[in-house]
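Scroll down for the structure; my scribbles are underneath it.
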Amino acid sequence: MKDKSKKVESRRRCEFQVEGMHCSACELLIEKKLENNSDVKFVDARLSDNKLIVETTSSKSDNELAKEFDNLVKENGYRIINKDSKLEKNDIGNYKSLIFPLLIALPIFLLFLLLTRSGLVESVNLDSSSFAFDFFLGVIASLSTCMATVGGLVLTLSTKFSEGKKILPIILFHIARIIGFFILGGVIGYAGSIFKLSITASLILNVLLALVMIVMGFDLLRIFSFTKKLQPHLPKSFGKGVMRFSEGTNLIAPIILGVLTFFLPCGFTQNRQLAALVSGNFISGATTMLIFALGTLPVLAVISFVSVKFSKSKFAGYFFKVSGFLIIFFAIMQLIAALTASGIIPPMGI
């Protein structure tokens, strides 16, 4: 009688700590990197508690696996260590690290206020989002680890094609992404107009947008560990569904993928999507998302061809902290504008 028994693959469950995750896009990027390891059968990166759960068939120790996994993601600015080890001291709770960025951000913001009062630049407010601010958030997003997922998807796409056609899917991806952001942003803006928001409902949405921006700013400052938990995000399954299109080998795949990146769980993108909804207008919503997408384009176009990781640069920490302060300043300004427009507080002249 034949022995029909099959060799059962022996798996074990390991748990690690992760440093450097900021949003759900970071979870997707780490999982995609580790899935390339043939011994990894299941991986789950958890932003909420900075954990990484892995099921593996490897016989290596947890410390050896931690080093192996760390090498896979460190170029993207993440750290993976054994759950029983201690991460090196980071900026959480280090208020002294904020002094220099604050001294840079404050004059920039004051200069903006002066230019606004003089009428030379458009005022930033929640009813009519400043194009300059949309572009500014796009640039920050493209330099963050959040958008590294998009760059990684483009690189994956390009390797699926022959050398002679390598540039074509990348071009199609970026064109489709910009057009997709414009159209879908308009749809969100139109959706906002359908509800015909009352003054109270409009105020609530405006305040919510300002608060989301403040949370985002504090997350960039990296002084509180809980801020990333407060950021709204889509289920991880949405992002995984989008990433499947990067496996396609026909020219339709990069076009579909470019449009679907609108739904990737990037905190910056979701912030502008909320702004598009608050605008309550197709053109305003479409323009908001278009300018944001154009802001991400220069850096994403570069990392589409060259593996450039700004997040590893020694200047990255200062840049993100300065940006964090500026976002908080603008959010407070917008919050005041919303409360003033509703008559809750008198005009303050800013």
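The values are calculated or read from the model by the stated rules, or taken from the named source; none is laboratory data. Keep in mind that this is a model prediction, so the values were computed, not measured. Here the Cβ is made from the backbone with ideal geometry for all residues, glycine too, and neighbour counts use every protein chain on show. The accessibility values were calculated without ligands, DNA or RNA, using every heavy atom of the protein model including side chains. Shrake-Rupley method; radii C 1.70, N 1.55, O 1.52, S 1.80 Å.
LEU126 is checked against (1) at pLDDT below 65; (2) of a type in the set (A, V, I, L, M); (3) farther than 16 Å from ILE327 by Cα; (4) open to solvent by less than 30 Å² (accessible area, probe 1.4 Å) and fails just one. What number does that condition carry?
All conditions pass for LEU126, except number (3).
Regarding ALA105, is this residue modelled with pLDDT under 85 and either open to solvent by 80 Å² or more (accessible area, probe 1.4 Å) or under 30 Å from ILE328 (Cα atoms) (or both)?
no
Suppose we keep only residues that are open to solvent by less than 70 Å² (accessible area, probe 1.4 Å) and at pLDDT below 70 within segment 78-91. Which one would you say is nearest to ILE223 (Cα to Cα)?
ASP91
GLU55 passes all but one of (1) of a type in the set (Asp, Glu); (2) surrounded by 12 or more Cβ atoms within 10 Å (Cβ to Cβ); (3) within 23 Å of the chain's Cα centre (by Cα); (4) at pLDDT 75 or above; which number fails?
(3)
Give me the helices (runs of 4 or more DSSP H) completely within segment 136-226, filtered to those with at least 3 residues that are modelled with pLDDT of 70 or more and either touching a helix residue (DSSP H, G or I) at 6+ places or on another chain (Cβ under 6 Å) or open to solvent by less than 40 Å² (accessible area, probe 1.4 Å) (or both), ordered by residue number.
167-194, 199-221
Could you tell me which residue of segment 58-75 is most open to solvent (accessible area, probe 1.4 Å), considering only residues that are polar (S, T, N, Q) and assigned to a loop (DSSP other than H, G, I, E, B)?
Filtering segment 58-75 for residues that are polar (S, T, N, Q) and assigned to a loop (DSSP other than H, G, I, E, B), the one most open to solvent (accessible area, probe 1.4 Å) comes out as SER59.
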